[in-house]
Amino acid sequence: IWLFVQYSIAGGYAKMNPFPVFRIMFPAYLTAFGTTSSAVTMPVSLARGKQIPGMKEDVADFAFPMCSQTHLSGSAMTITISALTVSMLTYDKMPALLPIILFILILSVIEVGAVGVPGGSIMAAWPVLTGVLGFGEEAMGLMFALFLIQDSFGTAANITGDASIAMIVNRKFAEVEA
């Protein structure tokens, strides 16, 4: 769903049909899904991104490596959703709004440091889960289990979503040149 949203927004801005772009990027999605590593998948993503109609090579050479290190919405969303689920399962309640907002803000920063390491996102999130949300051993055990199940989906969403950002940058770059 998130990829559909990203590609629709980028396609609208770039005046491109987003579905052929996703079809071009699908091998990168499968690579990310299979390896759960953005670093391993980045060369595939870059090569596929250069095949997007109208994509300037210098824009692709900049956008895809940069985004593979900084655009981690898939992992951040899956960790957040897992944290809310674990909170309900373990403590029978949702965390208060302020701790959730703080958790999301801190998670968005620490995710940048977890790129390329399978399982790195949940390890980087550990101090925030225990410190901000107050998760104990049982909750952290459930978080690790849920993360291992879904990590490949988050990584695939991260790396494939980079094309949507590249489409926007490519369009903006074309406007600046004109």
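The values are calculated or read from the model by the stated rules, or taken from the named source; none is laboratory data. Everything quoted here is computed from the prediction, not taken from an experiment. Cβ atoms come from the backbone with ideal geometry, glycine included; neighbour counts cover every protein chain shown. Quick note on the areas: whole protein, heavy atoms, side chains included, nothing else; ligands and nucleic acids left out. Shrake-Rupley method; radii C 1.70, N 1.55, O 1.52, S 1.80 Å.
A protection proxy built from the mean count of other Cβ atoms within 10 Å ranks the segments 150-159, 79-88, most packed first, as 150-159, 79-88.
Cross-link reach is defined here as a Cα-Cα straight distance under 15 Å, omitting same-chain residues fewer than 8 places apart; for residue 172 the aspartates and glutamates meeting it are 57, 58.
Taking label points 7 Å from Cα along the Cα-to-Cβ direction, residue 30 and residue 70 give a separation of 3.1 nm. For the pair residue 108 and residue 84, label points projected 7 Å from Cα toward Cβ lie 1.6 nm apart.
Charged side chains reduced to their Cβ positions (Lys and Arg at +1, Asp and Glu at -1) give the chain a dipole of some 460 debye around its Cα centre. Short-range pairs are left out: with C-alpha atoms under 8 Å and at least six residues apart, the relative contact order of region 30-171 is 43 percent.
Annotation note: trypsin sites (Lys or Arg not before Pro) in region 88-178 located in DSSP loop regions with a Cβ neighbour count of at most 10 within 10 Å are 93. In the context of the full set of protein chains, residues of the chain present 49 Å² of accessible surface per residue (probe radius 1.4 Å, heavy atoms only). Accessible surface of the chain, 1.4 Å probe: 72 percent of it comes from carbon and sulfur atoms.
If R0 is taken as 35 Å, the Cβ-Cβ distance between residue 8 and residue 137 corresponds to a FRET efficiency of 0.25.
Projecting the Cα positions of 33, 102, 90 onto the charge dipole of the chain (unit charges on Cβ atoms of Lys, Arg, Asp and Glu, taken about the Cα centre) puts 33 furthest along the positive direction. For volume of the Cα convex hull per residue in Å³, computed directly from the structure shown, the correct entry in (1) 109; (2) 153; (3) 122 is (1). When both region 143-178 and region 117-138 are represented by their alpha-carbon centers, they are found 23 Å apart.
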